[in-house]
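Here the structure is laid out as structure tokens; the discussion comes afterwards.
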Amino acid sequence: RREARSRSAFRGTRTALPAGGRQRKAAMEAEEGARGGRASPAVASAPEPGQCVFCDIIRNGKTSDGSPILHEDELCIAITDIRPAAAHHILVLPKEHLATTASLEQSHWRLVQHMLKVGMRTMERQKGSDAAPMALCKFGFHQPPFNSVDHLHLHCLCPPYRSILHSLKYKSLPWFISAEALVKKLSMR
């Protein structure tokens, strides 16, 4: 009996969605039904203020914790991760609201490539000379459904990691794709 309860409790947590997630899922299912069952990872328009923390940062020009914006151009911004997994952990956010890597189309490969270049330049400036060499730094994206925020963002990490679990979270496995692999995947579509 105890096993049955813990399995059903686990199942409940796996399918639980944040409040905004239920609305997005319902909207996508309605859109899918209207197209005769074909799902489309179409780019969503920018959410209302307060619905996407990254859109709010881009709109307001400041982070929620007051840390500075490290880079800004016409396509993206770079900020320090509020919960760093490594000694240096930077996020590069596109100004256009794109939900996840699944939302990307072939035409987005240049944006992803630009985000990678921004991430690498920003990491080089931020990490300092005493940090690990750039060859050990990782640049990549979490894959759905392993996203913490439904706004595309490039993780730029330079070791040492805060824990062994953090280092595993950012390995190129089904939940994480390197920026280079994503650029290649998009350009070949």
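The values are calculated or read from the model by the stated rules, or taken from the named source; none is laboratory data. As the structure is a prediction and not an experimental result, all values here were calculated from the model. Neighbour counts run over all protein chains shown; Cβ positions are idealised from the backbone, glycine included. Note: accessible area is taken over every heavy atom of the protein model, side chains too, but ligands, DNA and RNA are not part of it. Shrake-Rupley method; radii C 1.70, N 1.55, O 1.52, S 1.80 Å.
What to note about this one:
- For segment 134-189, the set of residues classified as β-branched (Val, Ile, Thr), closer than 19 Å to Lys117 by Cβ and assigned to a helix (DSSP H, G or I) consists of Val183 only.
- Residues that are modelled with pLDDT of 95 or more and open to solvent by less than 40 Å² (accessible area, probe 1.4 Å) were ranked within segment 67-78; the one that is farthest from Lys117 (Cα to Cα) is Leu70.
A quick yes/no check of all residues on (1) hydroxyl-bearing (Ser, Thr, Tyr); (2) outside any strand (DSSP E or B); (3) at pLDDT 95 or above; (4) surrounded by fewer than 18 Cβ atoms within 10 Å (Cβ to Cβ):
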position	(1), (2), (3), (4)
Asp65	no, yes, no, yes
His89	no, no, yes, no
Leu93	no, no, yes, no
His108	no, yes, yes, no
Leu111	no, yes, yes, no
Val118	no, yes, yes, no
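- Against the test of being open to solvent by less than 70 Å² (accessible area, probe 1.4 Å), on the phi < 0 side of the Ramachandran plot, in contact with a Gly (Cβ under 7 Å, 6 or more places away or on another chain) and not aliphatic (A, V, I, L, M), the options Asp56, Asp81 yield a single qualifying residue, Asp56.
- Beta carbons closer than 6 Å, at least 6 apart along the sequence or on distinct chains, pair a first residue in segment 83-95 that is touching a residue at least 60 places away in the same chain (Cβ under 8 Å) with a second that is buried (at least 21 other Cβ atoms within 10 Å of the Cβ) and small (Gly, Ala, Ser) for Ile90/Ala78; Val92/Ala78; Val92/Gly119.
- Restricting attention to segment 156-176 and to residues that are open to solvent by less than 20 Å² (accessible area, probe 1.4 Å) and under 15 Å from the mean Cα position of the chain (by Cα), the residue that is farthest from Arg121 (Cα to Cα) turns out to be Phe176.
- Residue, most open to solvent (accessible area, probe 1.4 Å), within segment 121-145, restricted to residues that are touching a strand residue (DSSP E or B) at 6+ places or on another chain (Cβ under 7 Å) and among the hydrophobic types (A, V, I, L, M, F, W, C): Leu136
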